[in-house]
Amino acid sequence: MLPTTPRAWIRLPVSGGRLDLLNPSPEAWTDEDLAVRIARTYRWGGDSAWPLPLSVAQHSLTVLALRRQWSKETLGVEQQLKCLLHDGEEAFLSFDCITPLKGVLGQPFKDVCDRLMGAIEERYSLRAWQPEEYRVHKEADRIAAACEAVHVVGWQRHEVRDVLGITHSILNEDPLPRPSGYAPWEPWPADVAANQFLKELHTLTQAHRQ
């Protein structure tokens, strides 16, 4: 017999395990599963002026790089980990939903996202954002989006403001340290993005446990 409780299973690419998107267990995935899936989830619906689209993994690393650059003092390990994992639920949804669409999809979609993020926060022992901490994080997130729109997707600067409604600064210099052989703002292949994300995740989680 089929189960009466609704479930939405996904197969995890490295461990071979499974995760129920509707009732996610914080222990269901490995760090490697998360890194691979977030590197295979694309920003901007996969649109890109480059040969490859931009992964959520690379975006997350960019936001973290901005926060580190802006911090007058060394950014706390937990804050860094929260920056790195701020879009973690998208790794399991395989979908980076733009903000205007989230409101149209409504409360059921928000509930699924919240449960997935709750499982991530429990897994990595992350506390809720403090108001000022979240404000600075969102500033970095939105500036990263403005930069991606121009340097990755190919929107004109005036279109970012007039069409997309993003009024944040557009940086010229890519804040993200790049692996050898890649140009500024160039999207990385999924395996490169996964490796870079996983390296950062392992470093931060180890420090956070200590």
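The values are calculated or read from the model by the stated rules, or taken from the named source; none is laboratory data. Since we're looking at a predicted model, the values are computed, not measured. Cβ atoms come from the backbone with ideal geometry, glycine included; neighbour counts cover every protein chain shown. Surface areas here come from the heavy atoms of the whole protein model, side chains and all, with no ligands, DNA or RNA. Shrake-Rupley method; radii C 1.70, N 1.55, O 1.52, S 1.80 Å.
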Between G45, G88, which is within 16 Å of the chain's Cα centre (by Cα) and either more than 15 Å from E200 (Cα to Cα) or hydroxyl-bearing (S, T, Y) (or both)?
G45
Return a yes/no flag: does region 169-189 have any residue that is closer than 19 Å to V14 by Cα and part of a helix (DSSP H, G or I).
no
Working carefully through the options D96, D141, D114, find the one that is at pLDDT below 95 and either of a type outside the set (A, V, I, L, M) or part of a loop (DSSP other than H, G, I, E, B) (or both).
D96
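Do the conditions hold for E122, that is, is it at pLDDT 95 or above, within 21 Å of V36 (Cα to Cα) and crowded, with 16+ Cβ neighbours inside 10 Å? Write out each step before concluding.
Values: at pLDDT 95 or above: yes; within 21 Å of V36 (Cα to Cα): yes; crowded, with 16+ Cβ neighbours inside 10 Å: no.
Taking the combined requirement at face value, the residue does not satisfy it.
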Quick test for you: out of H168, H151, pick the one residue that is modelled with pLDDT of 95 or more and not β-branched (V, I, T).
H151
Contact list, first residue from region 141-155 and open to solvent by 10 Å² or more (accessible area, probe 1.4 Å), second anywhere and in a helix (DSSP H, G or I) and of a type in the set (K, R), beta-carbon distance below 8 Å, six or more apart or interchain, is V150/R157
So the check is Cβ under 8 Å with 6+ separation or different chains; which pairs have a first residue in region 163-186 that's open to solvent by 90 Å² or more (accessible area, probe 1.4 Å) and a second one that's not basic (K, R)?
V163/W155; E173/P184; P177/A65; R178/P184; R178/E186
Within the group R40, R7, R18, R11, which residue is within 18 Å of the chain's Cα centre (by Cα) and not small (G, A, S)?
R40
Has region 23-32 got at least one residue that is β-branched (V, I, T), part of a loop (DSSP other than H, G, I, E, B) and surrounded by 17 or more Cβ atoms within 10 Å (Cβ to Cβ)?
no
Being among the aliphatic types (A, V, I, L, M), in contact (Cβ under 8 Å) with a residue 40 or more places away in the chain and surrounded by fewer than 21 Cβ atoms within 10 Å (Cβ to Cβ) narrows A65, A8 down to just A65
Using the structure shown, decide if L66 is touching a His at 6+ places or on another chain (Cβ under 8 Å) and in a helix (DSSP H, G or I).
no
Restricting attention to region 196-210, which residues are under 19 Å from the mean Cα position of the chain (by Cα) and either outside any helix (DSSP H, G or I) or buried (at least 17 other Cβ atoms within 10 Å of the Cβ) (or both)?
Q196, F197, L198, E200, L201, L204, T205
